[in-house]
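What follows is calculated from the coordinates using simple rules that are stated; it is not laboratory data. Given the structure is predicted, the values throughout are model-derived calculations rather than measurements. All Cβ positions, glycine included, derive from the backbone under ideal geometry; neighbour counts span all protein chains shown.
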């Protein structure tokens, strides 16, 4: 069933900026400062951020874990913090700011009612995502389950503005796209030493968010089948058969099955597969350089 889009065109970016300013003034949002460097590996430059401090987020995570152990788990999206509310997207989704953002203007696209993060994406999810991506050049992504880097059980897609890094291509892996090999629409990137599907979106997908949602939902389902994973139905919600990361830009999409969240102590979420990585401290940066960024991704993916 088609969702009703409530987001008024050409309003999202202004709403994000205004809400960010108010949330910062109110002490409701806690941007995490980072430094960064580029690491060359596998024919590309990985963009690696190192956190300056995550004390506040770590404290909240500990409280959340304690409440789960006590059987009183808290859902930060039901109810959501009104200071982080950006706008209504559709009759099924709202937009919230990421409370602890590393990337500026990091948006969460959250279901109004509880759905588990391990439930497969629906056409309504894609409609909400494309309604937002129609507003400005951005990257949508989804961490399908805890092993894929999801930190909350309530279903939420995420969106960040492009480019991801202050210099270079829109996403660090972009130089690898020219080497992609295709069988029909299903492609692979030879430099990726793990199972994945890469698809180019040839037409301008934001002529109509509804049409873009239908096409990308079908390609998402086909990618899961290609990787021998359970696809969604267009009706009832269905649970995923394995964890995965999914990324969607205006001109391409990427789906990567996951085996685990961590390589040593380094957590990897969907953005890692764009070549944008995050480490907590110098020790993790040293580990990343020792292993090599592409080997880190290989270790948390699934073998070819």
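Order by neighbour count: 289, 99, fewest other Cβ atoms within 10 Å first, most last.
With the sparsest Cβ surroundings first, the list reads 289, 99.
How many angstrom lie between the Cα centre of the stretch 148-186 and the Cα centre of the stretch 235-290?
For the stretch 148-186 versus the stretch 235-290, the Cα centre distance is 10 Å.
Can you tell me how much longer the chain between residue 210 and residue 290 gets when fully stretched, taken as 0.36 nm per residue apart minus their C-alpha distance, in nm with one decimal?
24.3 nm
Obtain the nm distance between the two label points defined at residue 4 and residue 225 by a simple spin-label model: each point lies 7 Å from its Cα along the Cα-to-C-beta direction.
Result for the modelled spin labels: 3.3 nm.
Among [x] 31, 24, 18; [y] 26, 25, 20; [z] 37, 21, 17, find the value of semi-axes √(5λ) of the Cα gyration tensor in Å that was calculated from the structure presented, and write down its label.
Evaluating semi-axes √(5λ) of the Cα gyration tensor in Å on these atoms matches [y].
Could you work out the relative contact order of the chain, using alpha carbon pairs under 8 angstrom and six or more residues apart, expressed as a whole percent?
Contact order relative to length: 21 percent.
Can you pull the one-decimal nm distance between simple spin-label points at residue 78 and residue 137, each 7 Å off the Cα toward Cβ?
Taking the simple label geometry, residue 78 and residue 137 are separated by 3.8 nm.
For n ≥ 4 DSSP H runs only, could you compute -39500 (n - 2.57) per run for the chain, divide by its residues and tell me the 222 nm figure to the nearest 500?
Mean residue ellipticity at 222 nm (helix-derived): -8000 deg cm²/dmol.
Would you kindly state how much longer the chain becomes between residue 35 and residue 186 on full extension, computed as 0.36 nm times their sequence separation minus their alpha carbon distance, in nm to one decimal?
Here the segment from residue 35 to residue 186 would lengthen by 50.7 nm.
What length, rounded to one decimal in nm, is gained on full extension from residue 152 through to residue 52, with 0.36 nm per residue of separation minus their alpha-carbon distance?
33.7 nm
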